[in-house]
Amino acid sequence: MLNIDLHCHSTISDGLLSPTQLVERAAMRGVKTLALTDHDDVAGLDEARRVANEKNITLINGVEISVSWRGRTLHILGLDIDLTYAPLIEGLLSIRHGRTERAHSIANELEKCGIHGSLEGAYAHVGERQLIGRTHFARFLVKHGHAKDVKSVFKKFLVKGKPGYVSHQWASLSDAVSWITDSGGRAVIAHPARYKLGKNSLDELLHEFRSLGGAGIEVITASHTPEQTLLFAQHAQRMDLLASCGSDYHGTGESYFDLGQLPDLPTGCTPVWHDWNASI
Ligand code: AMP
Ligand code: MN
Ligand code: MN
Ligand code: MN
């Protein structure tokens with residue numbers, strides 16, 4: 001069985017382990033090929049690569065880009081991206097600026113519900129890159145007794161219709177796909193079942209994504225049920241999209257899957273790594 005994991009997070013975004021600790025954990029779990037895919041930032045990849053080289057792991061340059069599409073938020077993974085491609089790096093920087101602004105709005109919304117000090121409280125969980133997201137607010141809310149764990153926060157706060165929700169405009173799908181693709185990477189729709197798209201919207205998304213140059217979809221991911229895995233394997237084959245697999249690991253206690261040791265792709269899928277070099 002291939003031990004390959006193409007989706008995980010470090011303290012550069014909202015993971016709990018530093019890039020070094022993350023790669024060390026991947027090595028301990030026998031991962032041979034790892035993509036570090038922090039939200040909207042690639043700053044952990046140099047450190048991750050140094051440790052990966054020591055541990056004989058192939059490190060794939062990755063990122064998970066936040067996108068707005070028809071009023072919904074989608075996550076698009078960039079795999080094997082070029083870190084020197086300026087439009088990609090500038091695009092990510094502008095998304096991070098948007099995150100900072102959104103954090104102020106989230107804190108204002110929480111304030112209205114009597115939850116004080118959440119901006120400083122969330123920043124206490126943020127790494128040195130100062131990239132802030134809802135997970136950092138979630139950790140603050142858990143610490144202050146508003147929910148028992150991070151998963152429960154996302155049932156009571158920070159989502160549509162609940163305290164602390166703000167709508168936000170992320171990158172466009174076409175910008176995200178072209179930043180990735182034009183840098184020489186492959187764009188992959190992360191955790192496609194999470195968007196709860198109806199049949200028609202899903203079809204329209206897959207067609208639009210393909211026509212923009214999108215390469216694949218995640219088939220194996222922690223948030224898919226076995227039925228969803230099979231369903232998205234069929235969508236991948238039907239749409240001639242490559243299939244990817246990743247744990248979406250953020251840290252022990254906050255993730256359904258640990259790093260690596262993921263289920264195999266269903267038969268008939270073409271893996272996103274099918275033509276990567278032999279060492280992968
Ligand atoms: P953001 O990109 O700042 O809006 O935050 C999105 C992140 O919040 C995701 O990448 C997850 O890490 C986390 N998240 C969203 N929904 C959930 C959930 N239901 N349970 C746990 N974490 C979640
Ligand atoms: Mn996350
Ligand atoms: Mn995601
Ligand atoms: Mn992720």
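Here, each number is a calculation from the coordinates, and none is a lab measurement. These numbers were taken from a predicted model, which means no experiment stands behind them. Heads up, the Cβs are rebuilt from the backbone with ideal geometry, glycines too, and the neighbour counts pull from every protein chain shown.
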Q) Over the Cα atoms of region 155-208, what Rg and Dmax result, in angstrom? A) 14.4, 41
Q | Distance-filtered residues of region 151-170 - backbone nitrogen under 19 Å, label point 7 angstrom along H116 Cα→Cβ | A | 164
Q) Given 25 °C and 0.890 mPa s, how large is the Stokes-Einstein diffusion coefficient of region 1-45 in µm²/s, with Rh as the Kirkwood radius over Cα pairs? A) 233
Q. Once amide H atoms are built 1.01 Å from N in the peptide plane, which residues 5 or more positions from G15, or in another chain, come under 5 Å H to H?
A. S10
Q.
Residue by residue through region 196-212, what is 3J(HN,Hα) from phi via Karplus (6.51 cos²θ - 1.76 cosθ + 1.60, θ = phi - 60°)? Round to whole Hz and write x for glycine and proline.
A. 6, 7, x, 4, 5, 5, 4, 4, 5, 4, 5, 5, 4, 4, 5, 5, 7
Q: May I ask which of K148/K199; K160/K199; K155/K199; K32/K162; K32/K160; K55/K199 have a Cα-Cα span longer than 32 Å here?
A: K148/K199; K32/K162; K32/K160; K55/K199
Q: Could I get the Rg over Rh figure for region 9-160? Both from C-alpha atoms, Rh via Kirkwood, rounded to two places.
A: 1.00
Q. Among G114, G15, L36, whose Cα sits farthest toward the positive end of the charge dipole of the chain (+1 at Cβ of Lys/Arg, -1 at Cβ of Asp/Glu, about the Cα centre)?
A. G114
Q: Can you give me the three principal axis dimensions of region 76-139 from its C-alpha atoms, in Å, biggest first?
A: 44, 20, 17
Q. Using all Cα-Cα distances in region 237-280, what percent lands in each 5 angstrom bin from 0 up to the longest?
A. 5, 20, 19, 22, 17, 13, 5, 0
Q. If contacts are Cα pairs under 8 angstrom and at least 6 residues apart, what is the relative contact order of the chain in percent?
A. 22
Q: Could you work out the Kirkwood radius for the chain, taking every pair of different alpha carbons, averaging 1/r and inverting it, reported in Å?
A: 19.0
Q) Which residues make up the longest stretch of the chain clear of trypsin sites (Lys or Arg not before Pro) that lie in a DSSP loop with no more than 12 other Cβ atoms within 10 Å, not counting the sites? A) 197-280
Q.
I want the local charge near S178. Using Cβ-Cβ distances under 14 Å, sum +1 for each Lys or Arg and -1 for each Asp or Glu among the other residues.
A. -3
Q | L6 long-range amide H proximity, modeled H, under 5 Å | A | A35, C245, G246, S247
**Q.** Calculated from backbone phi, Karplus (6.51, -1.76, 1.60) coupling profile of region 160-170 in Hz, x at Gly/Pro
**A.** 3, x, 10, x, x, 7, 9, 7, 8, 9, 8
Q. Can you give the % of DSSP beta bridges in the chain that are antiparallel, to the nearest 5?
A. 40
(Q) Using 5 Å bins from zero, what percent of all Cα-Cα pairs in region 100-258 falls into each bin? (A) 1, 8, 14, 17, 16, 16, 14, 9, 4, 1, 0
Q | For the chain, built as a Gaussian network whose Cα springs stay under 10 Å, the top-fluctuating residue of P19, P192, P266 | A | P266
Q | Helix-only CD estimate at 222 nm, as mean residue ellipticity for the chain, using -39500 (n - 2.57) per DSSP H run (n ≥ 4) | A | -12000 deg cm²/dmol
Q) In 5 Å bins starting at 0, how do the alpha-carbon pair distances of region 33-92 split up by percent? A) 4, 19, 26, 22, 15, 8, 4, 2, 1
Q) Could you put L212, L45 in order, starting from the residue whose Cβ has the fewest other Cβ atoms within 10 Å? A) L212, L45
(Q) On a full-extension model of 0.36 nm per residue, what is the gain between T252 and S223, subtracting their alpha-carbon distance, rounded to one decimal in nm? (A) 8.9 nm
Q) What is the ratio of the Cα radius of gyration of region 186-272 to 2.2 N^0.38 Å, where N is its residue count, to two decimals? A) 1.05
Q.
Through the Karplus equation 6.51 cos²θ - 1.76 cosθ + 1.60, θ set to phi - 60°, convert the phi angles of region 179-193 into ³J(HN,Hα) values in whole Hz; use x for Gly and Pro.
A. 4, 5, 5, 6, 8, x, x, 10, 8, 9, 6, 6, 5, x, 6
